[in-house]
Amino acid sequence: MFMLRRTSIRIVLICVSFFSATFHVSAQSQFRNIFVLHSSEPSYEWTKAIQKSIYMTSSDASQPIKLSIEYMGSKRITGDRYESVFSEYLKEKYQGFSFDGIIVTNDEALRFLKKLDMPNLRNRPTVAGGISDLQASLKDVTPKSHIYYAEDFIVENILLIRTLKPEMKRLYYLTDNSVTSSLLREEVSHFLDQLSDIEIVDIENESLEVTEEILSKSSPNDAILLTHFNTEVENNTFYQYSDTAARLSAVSKAPVFVPWEFLIQGNVLGGYVSSSSKLGRDLVKQLGKMVENPFTIQTVEQEFVNAVFQYSALVKHDVSESDLPVGSKILNRPVSFLEKHSLPLLIVGLVLAAILLMSFLFFNYIRHRNTKLLHNQEFTSLELKMNKVLVRFISILGESIENRSGESGNHVRRVAKISARLARDCGMSMDDCTIIELASPMHDVGKVAIPDSVLCKNGNLSPDERVVVERHSELGYQLLNDPDAELMSVAANIALDHHEHWDGSGYPAGKSGKAINVFARIVAIADVFDALKSTKSYRSAWTDEEVKLYFIKQKGKKFEPRLVDVFLTNFDTLTSIRESYPD
């Protein structure tokens, strides 16, 4: 019985092992297993960017890809003992594991791979990128290999510097003691020796503090070429590339040029640059062509521009964009007002175009009918109807603007009616009273270009936000002003001046007294009167006595004294008009 039970258990274990092995093989076959070896740790920008690109590109492959990623950390530690320990770690970790292809980045990783004694990493399709050693080869590792040699653009950037700064007498060349820097120095040393008319200040493996001190004494007529410069091995200090670029460009009086896009930080000017993101994509695409069962990348590759510059640095160092290489890419260019507010301005433009078209058709129709129906009652009736349509159209526009800023729709109607009556009480002609009634609903049209985050903000505005809001007066004037159309001209001046104060303390221009448009002076009183008598989310409506006291205090300050007297004399009549258009 015991033997039978033990035999049964053995059969079960054999079955489990068989199915587990089958599942393992099946699971592996679902993926293309790619081994990725980086020389530096992932905290370095170049390595971080290239690995991110490898991952993103692999995600877009026509077949699923599983990445096994390792980082040597050669920026911090090197030597035979370390490489021996790292080799044993890889052998133990990937023992019996099969790879479809290999990706290596930078010279240290390529050299290490060539010495690595792991059968499952031999004779596999292999691609390498960012290799500065032009003699490097993978032929003794695999029959299928491809190397992307580093495009460091050192010579190209020196020629660019001479074009942009023909009077340059001194070039600071910054490197550290990394393997890549040594290879770069060997590559360009012959070219640098030929620049007999330029003093080459070779800053090699200095501390960041010492280098900052040196560059702080540079001249605007000098130039800086920043390459690999982030390690202080003696001090066991390893800076982020972005930190060195930002700190050095901050103290340098001379423009800083760089050969890699990730170094464009702080006030670095830029230059001809290579992109680690593009290299990562190229590595995966090339490996896809070389593996036994090829795969493709399904997304469309974006065009890469080699000449990249930073807008703020161009301004700082007075470099004209017209002098840059054709097709250069400018980073962090400020967004213009028109670009930022293109949609609301387009809407306003269409609305104003509709108003102008309607006005044009209306006045042309009136002119045409006037010759035929002069003194005709039918003409008079038609004119009144068209006026009502135009008034209603303008009121709707004003209501939509006020609703957006949190005011009620009837606010613009009340302001229009109160303004017309106040103008009449001041002795203005009937034509002027009609014009102010038609034009006043558009006094806040400039608010259409103010962002909702500012216009509809709950609570107090910051000083910067208040500046943005106060621009609505000038924006309204720019949108409405048409010297050839009396109605639009009056509306534009009301929009511009309705926040000016009699004593000159208002905005946008600080006008005072009769320099303020008379229509705007009247609308300002009507606007404030209606606002004070309206209930807000943060306060109740003011009483009649509170409103009267406020206008008495502001007489000669915010408002024209004569208009305040007329307003207070006719307060009850104006209040009745206001109450005829409740919210």
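For this structure, a couple of remarks:
- Anchor residue 165: lysines whose Cα lies under 24 Å away (excluding residues fewer than 8 positions away in-chain): 217, 253, 316, 329
- Likely footprinting exposure, 433, 456, fewest C-beta neighbours within 10 Å first: 456, 433
- Residues 425, 503, 80, sorted so that the one with the fewest Cβ neighbours within 10 Å comes first: 80, 503, 425
- Each of residue 177 and residue 481 was given a label point 7 Å from its Cα along the Cα-to-Cβ line. The distance between the two points is 6.7 nm.
- Put a dot 7 Å past the Cα of residue 458, heading toward its Cβ, do the same for residue 212, and the two dots end up 4.5 nm apart.
- Residue order, fewest to most beta carbons within 10 Å, for 260, 542: 542, 260
- Residue 430 versus residue 573: modelled label distance in nm, points set 7 Å from Cα along the beta carbon direction: 1.6 nm
- Mean separation of Cα contacts under 8 Å, 6 or more apart, over the residue count of segment 31-149: relative contact order %: 27 percent
- FRET efficiency, residue 62 to residue 466 (Cβ-Cβ, R0 51 Å, nearest 0.05): 0.35
- For residue 81 and residue 332, the FRET efficiency from 1/(1 + (r/R0)^6), where r spans their Cβ atoms and R0 equals 56 Å, is about 0.75.
- Modelled FRET efficiency - R0 35 Å, residue 320 with residue 346, Cβ distances, 0.05 increments: 0.65
Quick note: the coordinates plus some simple rules give every number you see, no bench work behind them. Every value quoted in this text rests on a predicted model; they were computed, and no experiment measured them. So basically every Cβ, Gly included, is an ideal-geometry build from the backbone, and we count neighbours across all protein chains shown.
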